[in-house]
1. Take A:Ala96 and decide whether it is buried (at least 23 other Cβ atoms within 10 Å of the Cβ), among the hydrophobic types (A, V, I, L, M, F, W, C) and touching a Lys or Arg at 6+ places or on another chain (Cβ under 9 Å).
2. Within 14 Å of chain B (Cβ to nearest Cβ), closer than 30 Å to B:Thr217 by Cβ and in contact (Cβ under 8 Å) with a residue 60 or more places away in the chain: does that describe A:Gly134?
3. Could you please give the count of residues in region B:211-232 that are more than 13 Å from the chain's Cα centre (by Cα), buried (at least 21 other Cβ atoms within 10 Å of the Cβ) and more than 11 Å from every other protein chain (Cβ to nearest Cβ)?
4. Residues B:Arg249, B:Arg245: which one is part of a helix (DSSP H, G or I), more than 13 Å from B:Trp9 (Cα to Cα), more than 14 Å from chain A (Cβ to nearest Cβ) and free of Cβ contacts under 8 Å to residues at least 12 places away in the same chain?
5. Among the candidates A:Arg179, A:Arg155, A:Arg147, which residue alone is of a type in the set (D, E, K, R), closer than 22 Å to A:Phe68 by Cα, facing chain B (nearest Cβ under 9 Å) and in contact (Cβ under 8 Å) with a residue 40 or more places away in the chain?
6. When you look at A:Asp79, is it under 19 Å from A:Met12 (Cα atoms) and assigned to a helix (DSSP H, G or I), yes or no?
7. Suppose we keep only residues that are part of a loop (DSSP other than H, G, I, E, B) and among the hydrophobic types (A, V, I, L, M, F, W, C) within region A:9-66. Which one would you say is nearest to the other protein chains (Cβ to nearest Cβ)?
8. I'm told B:Lys297 meets every condition in (1) in contact (Cβ under 8 Å) with a residue 60 or more places away in the chain; (2) farther than 24 Å from B:Ala28 by Cβ; (3) not small (Gly, Ala, Ser) except one. Can you identify the failing condition by its number?
Amino acid sequence: MVASIALRRSWMILPAHRPEEAKRFRGHQPDVAVLDLEYSVPPKSKEAARANLVNLVKRVSQSQSQTFVRVDRQTMWADVRAAIHPGMKGIVLPGAEEAGEVAELDGLIGRLEEKRGVVPGTTELALILESARGFWNIVPLAEASPRVTALGVGRIDLTMKLGSGVQGEFPMYRYLMTRTLVAARMLQKQPLGAFFRPGSRGGVASKEDTFRAARDAGLMGFGGCLCTTAEQVAPVNEGFTPSETKP
Amino acid sequence: MNSKVCRCWMFVPANNPRFIERAWTRGADAYLLDLEDSVPEAEKEKARHLVREIISKVAKGGASVYLRVNKPYVEADLRAAVWPGIERVVLPKVESGEELRHASDLLTELEKERGIPVGSIEITPFIESALGVANIYEIVTSTPRIRTMGGGTGYDMALDLEVEMFATSNPYAYPEAACALAEMAVGVEAVGGVFVPNVSGRVDQGGVAMAAALHGTYVRETGVLHPALIQPLIDGLTPTVGEMRWARRVLDVWEELQQQGEAMDVVDGKVVDKYEYDWAKDLLQWADACAAKDRCKKRAIARVQAETPKEE
């Protein structure tokens, strides 16, 4: 388990309602292919995305990449029901705030594993934190289910309205990354996140900024991060790969 | 969001008539009548009994009035100085929830006794020690009177931590962020105490630098000692015309996206999505609240001018 987790540097997000786009990941060779039911899927395509998932999981899990599914917290139950299939490694849950919701999710996954012929207890959970409440509760969240294998820093510059701040860093960002790292090391989870700076986040981050964000996070002890665009996969892989020569 | 806009409040020592008479002309959103660090020990007793008279003087320009008390004399200060017109009590150097529950009970008693709606006076605790940072969650959840809170930075914090407050690296990075995180986790607004280097030698430039650092962040309230800092901070914490224009555009685009069942679009090279929609809605609410506060101050000042006989 630990060996395979160490190789999860790039988590490439693939909109699950577009099978043709979901095929594109092969050329980019992400360590993890994240089939998305959340942000990249518009409301009108949610149903189609869920229906699509069983085929996508089958196809993607035959590749080099490990398969995860990102669910929407607003429609978590329906999304998780659509996601659990053999070959699917785990669920990415963004925005969790209370240990209770993670424990409930754990129960639901357990029931679905049994029904769908997945080895009980093997479906993992990657928690991506997006709110002050979530970061405050980071330890109880991580302890709420033995399925949790990763703790990540989400798009908090937007969700927590951090602004652009001084000295080239989002205010609080360094603290929240460090807080995540400490919890992750203490509980032996993989810390996920990149040290993005103001003006270079999300879909607009250049390759250079993405590499720098990944490398800086890697030097801080992080193991990987989500990639919003395909172009971010290569710089993320490179940034999180330890180099022979220290920078 | 805290509905009471206070982009900048200024400290006014409660024992100094010279400052008090002119304070209302300074343009702050609120004045904090101070009984603590700016009042010498020998003047404390006199100062706390002056507050009742001062409230209406500093409120003349439409500003709110706050009161800062001394940690060792909380009871004496509150009993002497809490009268109608005091909207908030600032408690410095808070280290436990117990202190806050005690102050809150006392306020309830005084509110009942003095015809003030019960529960209406807010408490703004300030964290200025390591112990306070360690107990932050217990403190911030101790009473519903807390809507705003400050701390983790400042002179006393530096003394308690025995750090150099003007070091090149930010010595408050951890305590400030730890306090802010707990505050945000329970929906309490952070009062900013950002320290930015000001090498210009001009006080107002310090305000401009502070405002630039805080603009667009989760911090929408600051406190200052010098009147030259007030206007730069009020301007800097108010949304700009350009931001408001873009925010309205985001709302329009989002409306269209909703109707089409889409979740994201790129407009003028900028992403419009649920995150940007939340940002835009919040920014416009804040802009409206700022404009309302400015109108209220303007009307109050016009009223005072109309009542003042011209010196001719």
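1. Details: buried (at least 23 other Cβ atoms within 10 Å of the Cβ): yes; among the hydrophobic types (A, V, I, L, M, F, W, C): yes; touching a Lys or Arg at 6+ places or on another chain (Cβ under 9 Å): yes.
Yes.
2. no
3. 3
4. B:Arg245
5. Working: A:Arg179 fails: closer than 22 Å to A:Phe68 by Cα; A:Arg147 fails: facing chain B (nearest Cβ under 9 Å).
Result: A:Arg155 is the single residue among A:Arg179, A:Arg155, A:Arg147 that is of a type in the set (D, E, K, R), closer than 22 Å to A:Phe68 by Cα, facing chain B (nearest Cβ under 9 Å) and in contact (Cβ under 8 Å) with a residue 40 or more places away in the chain.
6. Values: under 19 Å from A:Met12 (Cα atoms): yes; assigned to a helix (DSSP H, G or I): yes.
For A:Asp79, the condition - under 19 Å from A:Met12 (Cα atoms) and assigned to a helix (DSSP H, G or I) - is met.
7. Looking at residues that are part of a loop (DSSP other than H, G, I, E, B) and among the hydrophobic types (A, V, I, L, M, F, W, C), I get A:Val41.
8. Tallying (1) in contact (Cβ under 8 Å) with a residue 60 or more places away in the chain; (2) farther than 24 Å from B:Ala28 by Cβ; (3) not small (Gly, Ala, Ser), B:Lys297 fails exactly one: (2).
Bear in mind these aren't lab numbers, they're just calculated from the coordinates by the rules spelled out. Since this is a predicted model, take the numbers as computed values, not measurements. Cβ: placed from backbone, ideal geometry, glycine included. Neighbour counts: every protein chain shown.
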